[in-house]
1. Rounding to the nearest 10 and keeping the result within 0 to 90°, find how far the Cα-based axis of helix 87-101 lies from the longest principal axis of the chain.
2. How much net charge surrounds residue 90 when only the other residues with a Cβ under 13 Å from the Cβ of residue 90 are counted, with Lys and Arg +1 and Asp and Glu -1?
3. If you wrap the stretch 327-396's Cα atoms in a convex hull and average its projection over all directions, what's the area in nm²?
4. Could you please state how large a percent of the accessible area of the chain is carbon and sulfur, counting protein chains only and using a 1.4 Å probe?
5. With N denoting the number of residues in the stretch 341-451, provide Rg(C-alpha) divided by 2.2 N^0.38 Å, to two decimal places.
6. Quote to one decimal, in nm, the extra length available between residue 361 and residue 268 on full extension: 0.36 nm per residue of separation minus the C-alpha distance between them.
7. Semi-axes of the equivalent ellipsoid of the stretch 23-91: what are they in whole Å, largest first, if each equals the square root of 5 times a C-alpha gyration tensor eigenvalue?
8. Hey, what's the stretch 22-126 come to in accessible area per residue, 1.4 Å probe, Å²?
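The values are calculated or read from the model by the stated rules, or taken from the named source; none is laboratory data. Keep in mind that what you see is a predicted model, and the values were worked out from it rather than measured. Neighbour counts run over all protein chains shown; Cβ positions are idealised from the backbone, glycine included. These area figures cover heavy atoms from the full protein model, side chains too; ligands, DNA and RNA do not enter into them. Shrake-Rupley method; radii C 1.70, N 1.55, O 1.52, S 1.80 Å.
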Amino acid sequence: MTALAAFEEIIDASGVAPRIEAMLPAGVRSRQLSVRTLLAGLCLALAGHRPAHLTRVHQALTALDENDQRRLGVIATWKNGPHQLTYRQTERTFGLVADALAEDEPTGLPSARLQAACDGLLEASIPEEFRNGTRSLAVDWTDLDSFSRPPPHGTSDCADPEAWWGHRKNNLLRSQDELFYGYYLSAGIMVPEENGPAVPELARRATVSSCRHDPVRAFAPVLTALPAAGISLGDILDDSGYAHRDADAWALPLRQAGAQLVQDLHPHDRGPKGTHHGAIITNGNLYCPATPRALTELGPLARTATKEQAADHDRQTSELARYKLGRLTADDADGYHRVQCPAAMGKIRCPLRPASMLLDRDRPEILQPPEHPQACCAQQTITVPPDVLAKTAQKHDYPSAAWRRSYTRRTGAERGFATAKDPATNDITRGWCRLMGLAPLTLFTAALLVVRNQRILTAWTARQEDNQRRAARGLPPKTRKRRRTTLAGLAAGPP
């Protein structure tokens, strides 16, 4: 299938083109360039490693085969003969589309019409065989510069008033963030289920928002709308930038939509954070009041940890799990659930629970129980309201080995942005798109992610076919080779 045929199939499957056509005003004479052809031109221009310029869209359409040009309306029959699409016609249709999808009063957030068009194109770019292959998404945001110059200090007058100042990592030796003027691009990348088969890392949802707005709050409604579209939510993997937000901004809406969070806690959210009926609140769970302080203050395993250090860290997290109050019920309609003392569940030995003292001595033993036991020690169960662990509760105990193995899938979001921002394909630094405003930039960004998904699918298909050929010859799948020469390798080589 050619690139043009693939893009036309995606546009037709999304149903975006006829919906936008119905929004456009009727002119005195019919437009030569349809919305369907315009969207195909956006994808063709970006697939040819061109920047997001309307002149490149016009060049991509007029460079097609003559039969395709006539079929798409790039060449139309006028009363004086054949007429080829002009740049001004391309600019006119794109302007009408952008105006129809934009908000009447710019707010820096995409309108419902614009977000629906972006969602439809991305969902249609995912082949049917992969749509139900996973429910897990790795989410993150990145910077997207505006072509406009920033407004002078103390004013807001510039060519792109919807854009604003944002922060990004500069990858320099100093630790300070770098300021930029533009937008935040948020995306959810498909990643495999835990212990599930591999899937292509396709962008399933994305949004663009002004840096005036929190990218976490801007992206949460996009994900919580998935169940209404018939797409159930599974694991949502995010870093501490998402986990550190207020619970009502991220954690609560996603849990209500059916998602399970796998996230890295911010340093300010780690460790003991108060008590609930005597139980220690730490790292998204409730623990026995006699839990050793060193265990409740455990942090994530360092990247440079050795195998011995990793084994010791896993041993400590396993011991910490014995002190955790066990969940007895699922959340009810109001978000309440009940938990029980770990001694009553047979995980530790405690004099306050005489039956637990008959357990084997390989379990931890509470040598100094509280002199004045509170509800978590005196009652059989306690009720946990939704506001106690609303912000930090997640699928796995933090920072256990199970959490670490599951969280490694979040690198799919990093790879997703890396492929979208690869200078060898589409370099989306400042000047990549010279149109100002949220709607034009979002249209080009959606087309870019559609093109990026097609590149990922092509590479995925080639890799699977190569693995099948190797399996037929009795060879294992091809693994990635180490391409860098180390100092140790040079020192061991001949002079």
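1. Helix 87-101 and the main axis of the chain meet at about 40 degrees.
2. Its environment carries a net charge of +3.
3. So the Cα hull casts an average projection of 5.8 nm².
4. Answer for the chain: carbon and sulfur cover 52 percent of the accessible area.
5. Here the answer is 2.01, to two decimals.
6. So the chain would gain 29.9 nm between residue 361 and residue 268.
7. Semi-axes from the Cα gyration tensor: 20, 15, 10 Å.
8. Ligands and nucleic acids excluded, the result is 50 Å² per residue.
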